[in-house]
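One structure is given here, and the rest of the page talks about it.
The values are calculated or read from the model by the stated rules, or taken from the named source; none is laboratory data. Keep in mind that what you see is a predicted model, and the values were worked out from it rather than measured. As a convention, Cβ positions derive from the backbone with ideal geometry for all residues, glycine included, and neighbour counts pool all protein chains shown. These accessible areas exclude ligands, DNA and RNA; they are computed on the full protein's heavy atoms, side chains included. Shrake-Rupley method; radii C 1.70, N 1.55, O 1.52, S 1.80 Å.
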Amino acid sequence: VPVVAVDADLTGSTTTKKLADAGFADRLFNCGIAEQNMVDVAAGLAITGHVAYTGSFAVFGTGRAYDQIRNTVCYSKLDVKIAPTGISVGPDGGSHQMLEDVSLMRGLPNMRVLVPADYAAARAAIRLAATTPGPVYVRMGRASVPAVYADGVELELGRAYVLREGS
(Lines give C-alpha, C1' and ligand atoms only; values in the text may rest on other atoms or scores of the structure.)
Protein backbone atom coordinates (compact mmCIF):
# COMPACT_ATOMS: atom_id res chain seq x y z
CA VAL A 1 0.00 0.00 0.00
CA PRO A 2 1.56 3.32 -1.00
CA VAL A 3 2.13 5.80 1.82
CA VAL A 4 1.54 9.48 1.08
CA ALA A 5 1.94 12.67 3.10
CA VAL A 6 -0.52 15.55 2.93
CA ASP A 7 0.67 18.80 4.49
CA ALA A 8 -0.71 22.26 5.20
CA ASP A 9 2.20 24.45 4.09
CA LEU A 10 4.47 23.25 6.93
CA THR A 11 6.66 20.72 5.11
CA GLY A 12 9.80 22.16 6.67
CA SER A 13 8.47 22.42 10.21
CA THR A 14 6.79 19.01 10.21
CA THR A 15 9.64 17.47 8.19
CA THR A 16 7.30 15.90 5.62
CA LYS A 17 9.65 17.53 3.08
CA LYS A 18 12.04 14.65 3.81
CA LEU A 19 9.71 12.39 1.84
CA ALA A 20 10.29 14.47 -1.27
CA ASP A 21 14.00 14.78 -0.52
CA ALA A 22 14.21 10.97 -0.37
CA GLY A 23 12.98 10.74 -3.96
CA PHE A 24 9.23 10.48 -3.33
CA ALA A 25 8.09 13.97 -4.31
CA ASP A 26 5.09 12.40 -6.07
CA ARG A 27 3.86 11.19 -2.65
CA LEU A 28 3.90 14.60 -0.94
CA PHE A 29 0.87 16.83 -1.35
CA ASN A 30 1.09 20.38 0.01
CA CYS A 31 -2.41 21.80 0.33
CA GLY A 32 -1.33 25.24 1.52
CA ILE A 33 -2.69 26.83 4.66
CA ALA A 34 -5.97 24.90 4.52
CA GLU A 35 -6.12 22.16 7.14
CA GLN A 36 -9.74 21.21 6.45
CA ASN A 37 -8.84 20.67 2.80
CA MET A 38 -5.69 18.77 3.85
CA VAL A 39 -7.81 16.24 5.78
CA ASP A 40 -10.28 15.87 2.92
CA VAL A 41 -7.45 15.37 0.40
CA ALA A 42 -5.98 12.71 2.73
CA ALA A 43 -9.43 11.08 2.92
CA GLY A 44 -9.67 11.02 -0.87
CA LEU A 45 -6.24 9.45 -1.15
CA ALA A 46 -7.22 6.85 1.46
CA ILE A 47 -10.34 5.99 -0.52
CA THR A 48 -8.10 5.31 -3.54
CA GLY A 49 -6.02 2.81 -1.57
CA HIS A 50 -3.28 4.94 -0.02
CA VAL A 51 -2.24 5.23 3.63
CA ALA A 52 -2.35 9.00 4.06
CA TYR A 53 -0.50 10.88 6.80
CA THR A 54 -1.33 14.51 7.49
CA GLY A 55 1.21 16.97 8.83
CA SER A 56 0.51 20.24 10.60
CA PHE A 57 0.56 21.71 14.09
CA ALA A 58 -1.97 20.00 16.37
CA VAL A 59 -3.89 23.21 17.01
CA PHE A 60 -4.65 23.56 13.30
CA GLY A 61 -4.51 19.92 12.18
CA THR A 62 -7.07 18.81 14.77
CA GLY A 63 -8.82 21.95 16.06
CA ARG A 64 -9.39 23.64 12.72
CA ALA A 65 -10.08 20.36 10.90
CA TYR A 66 -12.11 18.61 13.61
CA ASP A 67 -15.32 18.36 11.58
CA GLN A 68 -13.52 16.79 8.61
CA ILE A 69 -11.66 14.33 10.84
CA ARG A 70 -14.85 13.36 12.67
CA ASN A 71 -17.29 13.12 9.78
CA THR A 72 -15.14 12.20 6.80
CA VAL A 73 -12.28 10.16 8.27
CA CYS A 74 -13.58 8.55 11.48
CA TYR A 75 -17.12 7.63 10.54
CA SER A 76 -15.86 6.13 7.30
CA LYS A 77 -12.94 4.36 9.06
CA LEU A 78 -10.52 5.68 6.46
CA ASP A 79 -6.78 4.94 6.50
CA VAL A 80 -5.84 8.49 7.43
CA LYS A 81 -3.13 8.99 10.00
CA ILE A 82 -3.24 12.41 11.65
CA ALA A 83 0.34 13.08 12.78
CA PRO A 84 0.87 16.69 13.85
CA THR A 85 3.26 18.23 16.34
CA GLY A 86 1.55 19.00 19.64
CA ILE A 87 2.73 21.19 22.49
CA SER A 88 6.37 21.59 21.55
CA VAL A 89 6.30 23.93 18.57
CA GLY A 90 8.96 26.18 20.04
CA PRO A 91 9.04 29.92 19.49
CA ASP A 92 5.71 30.05 17.63
CA GLY A 93 3.97 30.73 20.93
CA GLY A 94 0.69 29.83 22.59
CA SER A 95 -1.46 30.34 19.50
CA HIS A 96 0.38 27.42 17.88
CA GLN A 97 0.41 25.06 20.87
CA MET A 98 -2.31 22.70 22.02
CA LEU A 99 -2.91 20.34 24.92
CA GLU A 100 -6.50 19.37 24.21
CA ASP A 101 -5.74 17.68 20.88
CA VAL A 102 -5.42 14.31 22.62
CA SER A 103 -8.84 14.61 24.25
CA LEU A 104 -10.41 15.81 20.99
CA MET A 105 -9.06 12.81 19.08
CA ARG A 106 -9.68 10.32 21.90
CA GLY A 107 -13.39 11.12 21.87
CA LEU A 108 -13.85 10.30 18.19
CA PRO A 109 -15.38 7.04 16.98
CA ASN A 110 -12.92 4.56 15.43
CA MET A 111 -9.89 6.78 16.22
CA ARG A 112 -6.83 5.27 17.88
CA VAL A 113 -4.51 7.66 19.72
CA LEU A 114 -0.75 7.24 20.12
CA VAL A 115 1.46 9.68 22.03
CA PRO A 116 5.07 8.51 21.72
CA ALA A 117 7.47 9.52 24.49
CA ASP A 118 10.69 9.74 22.48
CA TYR A 119 12.27 9.27 19.06
CA ALA A 120 12.34 5.45 19.17
CA ALA A 121 8.68 5.32 20.18
CA ALA A 122 7.76 7.90 17.54
CA ARG A 123 9.35 5.79 14.80
CA ALA A 124 7.53 2.73 16.12
CA ALA A 125 4.23 4.63 16.40
CA ILE A 126 4.43 5.85 12.80
CA ARG A 127 5.08 2.30 11.61
CA LEU A 128 2.29 0.91 13.80
CA ALA A 129 -0.12 3.51 12.47
CA ALA A 130 0.71 2.52 8.88
CA THR A 131 -0.26 -1.10 9.54
CA THR A 132 -3.31 -0.34 11.69
CA PRO A 133 -6.47 -0.16 9.59
CA GLY A 134 -8.54 2.99 9.98
CA PRO A 135 -7.88 6.37 11.55
CA VAL A 136 -4.93 6.82 13.91
CA TYR A 137 -3.78 9.96 15.71
CA VAL A 138 -0.04 10.13 16.39
CA ARG A 139 0.86 13.23 18.38
CA MET A 140 4.47 14.07 17.60
CA GLY A 141 6.87 16.30 19.47
CA ARG A 142 9.51 18.59 18.03
CA ALA A 143 11.74 19.21 21.01
CA SER A 144 14.67 16.99 21.86
CA VAL A 145 13.72 14.67 24.73
CA PRO A 146 15.60 12.00 26.69
CA ALA A 147 15.48 8.45 25.33
CA VAL A 148 12.89 6.33 27.11
CA TYR A 149 12.53 3.33 24.80
CA ALA A 150 15.28 1.19 23.33
CA ASP A 151 16.13 1.77 19.67
CA GLY A 152 14.15 -0.60 17.49
CA VAL A 153 11.25 -0.95 19.92
CA GLU A 154 8.11 -2.36 18.32
CA LEU A 155 4.85 -1.07 19.73
CA GLU A 156 1.63 -3.03 19.90
CA LEU A 157 -1.84 -1.60 20.46
CA GLY A 158 -3.23 -2.43 23.90
CA ARG A 159 0.08 -3.63 25.31
CA ALA A 160 1.69 -2.15 28.42
CA TYR A 161 5.47 -1.77 28.51
CA VAL A 162 7.66 -2.03 31.59
CA LEU A 163 10.50 0.40 31.01
CA ARG A 164 12.29 -0.47 34.23
CA GLU A 165 11.39 -2.18 37.48
CA GLY A 166 10.87 -0.06 40.58
CA SER A 167 11.44 -0.89 44.20
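By the rule of a C-alpha distance below 17 Å, with chain neighbours fewer than 8 residues away ignored, the aspartates and glutamates paired with residue 81 are 7, 35, 40, 67, 101, 156. For the stretch 42-167, the relative contact order is 26 percent, taking Cα pairs closer than 8 Å that sit 6 or more residues apart in sequence and dividing their mean separation by the residue count.
In this structure, the amide hydrogen of residue 6, modeled 1.01 Å from its nitrogen in the peptide plane, lies closer than 5 angstrom to those of 29, 53, 54, 55, counting only residues at least 5 positions away or on a different chain.
A simple spin-label model places the labels of residue 71 and residue 110 1.5 nm from each other, with each point 7 Å out along Cα-to-Cβ.
Regarding the chain, what's the average projected area of the Cα-atom convex hull, expressed in nm²?
10.2
Accessible surface ranking for 137, 119, 53, 161, 1.4 angstrom probe, highest first: 119, 161, 53, 137.
Let me know the longest stretch in the chain that avoids all trypsin sites (Lys or Arg not before Pro) found in a DSSP loop with at most 10 other C-beta atoms within 10 Å. Please report the intermediate quantities before stating the final value.
Values: sites that count: 159, 164.
In short, 1-158.
If one takes the longest principal axis of the Cα atoms in the chain, at what angle in degrees, from 0 to 90 and to the nearest 10, does the Cα axis of helix 35-47 lie? Taking Cα atoms only, the helix is inclined about 90 degrees.
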